[in-house]
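I have placed the structure first, in the form of structure tokens, so that the comments after it can refer back to it.
A short reminder: the numbers here are calculations on the coordinates, not readings from a lab. Not measured: the values here are computed from a predicted model. Methodologically, a virtual Cβ is constructed for each residue, glycine included, from the backbone with ideal geometry; neighbour enumeration extends over all protein chains shown.
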Amino acid sequence: MHTQVAIVGAGPAGLLLGHLLHLAGIDNVIVERHDRRYAEERIRAGVLEQGTIDTLDEAGVGERMHREGLPHEGIELLFDRKRHRIDLNALSGGRAIVVYGQHEVVKDLIAARAESGQALLWEASEVAIHGLDGERPTVTCLHAGERVEIACDYIAGCDGFHGICRPSIPEGALKVFDRIYPFAWLGILAEAEPSSHELVYANHERGFALFSMRSEKVTRLYLQCEPDEDIGNWSDDRIWAELHTRLETDDGWKVNEGPIVQKGITPMRSFVCEPMQYGRLFLAGDSAHIVPPTGAKGMNLAVADVRVLSKALIAHYTTHDDAKLKAYSDTCLKRVWRAEHYSWWMTSMLHRFPESTPFMDRVQRSELAYVTSSEAGGRVVAENYVGLPFSE
């Protein structure tokens with residue numbers, strides 16, 4: 001099998017890259033180790049930055065997002081039993097976010113892929129990449145009982161943090177920057193009407209909590225917990241009691257309860273590898289970087305990477321200009337490190353750390369008071385939360 005670009009991974013990064021290349025007339029093949037149902041039902045983040053919204057619109061896959069997504073023009077920071085609103089729209093020059101699950105974005109992109117007729121190999125096993133230093137790299141896998149070899153010009157590694165692409169780069173070629181946080185998030189989906197139309201981030205003496213939503217009938221909620229927490233120790237009653245404690249306010253606002261249909265533990269880490277390219281391989285999304293979810297940057301960074309990579313590949317094939325391909329890593333890393341800092345900052349401001357002291361608690365409160373009372377402080381939260389504009 002021959003193609004121009006082989007894409008490993010059918011998450012939002014790989015699917016969007018494949019679609020953007022298809023629109024530009026560039027042939028590509030996507031290889032994915034899971035089945036379609038897994039891809040469409042895997043519940044992940046759901047906050048889309050303005051730039052992500054615009055990119056999906058430009059790609060022609062934003063219609064359902066606008067019909068079913070929940071536009072938000074602000075968020076709230078809760079501390080000392082009071083909610084404080086950050087006006088994202090006013091403080092960012094008219095930009096906003098949309099709450100729309102990552103799995104919904106994936107469904108839209110899979111539908112577009114099926115309509116395009118471009119190849120997508122589901123349930124591919126023994127995936128491996130070869131010849132990254134040459135002019136004709138290959139991706140090999142076992143698919144539908146047959147050995148498949150895909151010869152290509154370039155490989156896009158969109159297969160996530162635990163994928164095979166990054167480990168295929170020779171040892172010593174990458175620098176890794178990593179931080180493991182001393183806590184995790186216990187997340188639930190509940191069949192309960194959201195009690196607020198905007199997200200609420202809470203700093204509480206018992207730990208961080210987050211009120212969010214996935215639709216007008218489904219609430220998404222998180223609690224800070226130990227990194228080695230056993231989900232079996234958290235009954236539904238215990239979860240609701242802890243959520244009410246951490247999210248309670250003096251004005252009587254509280255979350256609505258309902259049947260919990262999903263619960264799980266999300267570890268917290270920051271991770272970046274440099275560079276994001278080696279030979280004919282380009283890494284995008286979680287294969288190159290991870291952020292703690294506090295800043296809502298994970299999928300948005302993947303979309304930003306793919307936007308840069310698609311434009312670089314289009315320039316290569318249409319005008320034989322490789323300047324953007326050569327600059328891919330440097331271009332992406334500027335945004336990645338900005339998002340890493342913002343996510344680390346939000347995490348540090350809102351969570352309880354094991355080494356916390358009364359002094360550190362007072363510093364956290366002072367910082368929260370500043371960003372919720374100062375226009376300049378609020379603007380830092382808002383501009384980064386909605387996503388900084390693309391440079392190109």
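Among V176, V308, V363, which comes first, second and so on when ranked by fewest other beta-carbon atoms within 10 Å?
In order of increasing Cβ crowding within 10 Å: V176, V363, V308.
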*In Å, what Rg and Dmax follow from the Cα atoms of segment 254-318?*
17.2, 56
_Residues with amide H under 5 Å from that of I86, placed H, sequence gap 5 or more_ = I75, E76, L77
*asked:* Suppose we keep just the DSSP beta bridges with both residues in the chain; what percent of those would be antiparallel, to 5?
replied: 75 percent
_Ratio of Rg to Rh over the chain (Cα coordinates, Kirkwood Rh, two decimals)_ = 0.98
*Among the listed pairs K311/K334; K297/K324; K82/K263; K175/K334, which are separated by more than 21 Å between their Cα atoms?*
K297/K324; K82/K263
_Estimated inter-spin distance, A114 and F359, nm [label 7 Å along Cα→Cβ]_ = 6.0 nm
*Using the number of other C-beta atoms within 10 angstrom as an exposure proxy, rank M213, M276, M360 with the fewest first.*
M360, M213, M276
*To the nearest 10 degrees, how steep is helix 12-23 against the longest Cα principal axis of the chain, on a 0 to 90 scale?*
50 degrees
*Among rounded, prolate and oblate, which fits segment 328-392 when a ≥ b ≥ c are the square roots of the eigenvalues of its C-alpha gyration tensor, a/c under 1.5 means rounded, and a/b larger than b/c means prolate?*
oblate
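Among K263, K297, rank each residue by its count of other Cβ atoms within 10 Å, from fewest to most, as a rough exposure measure. Mind showing how you got there, number by number?
Details: K263 15, K297 28.
If I rank by nearby Cβ atoms, fewest first, I get K263, K297.
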*For segment 205-314, what does the equivalent ellipsoid look like in terms of its semi-axes, each the square root of 5 times an eigenvalue of the Cα gyration tensor, given largest first in whole Å?*
36, 16, 13
*With the Cα gyration tensor of segment 120-252 in hand, give its eigenvalues times 5 under a square root as the equivalent ellipsoid semi-axes, listed largest first in whole angstrom.*
44, 19, 14
*Whose amide H sits under 5 Å from the amide H of Q277, counting only residues 5 or more places off or on another chain, with H placed in the peptide plane?*
L283
*List every residue whose amide H lies under 5 Å from the amide H of S195, counting only residues 5 or more places away in sequence or on a different chain, with H placed 1.01 Å from N in the peptide plane.*
N256
*Nearest 10 degrees, 0 to 90: helix 236-247 Cα axis against the chain principal axis*: 70 degrees
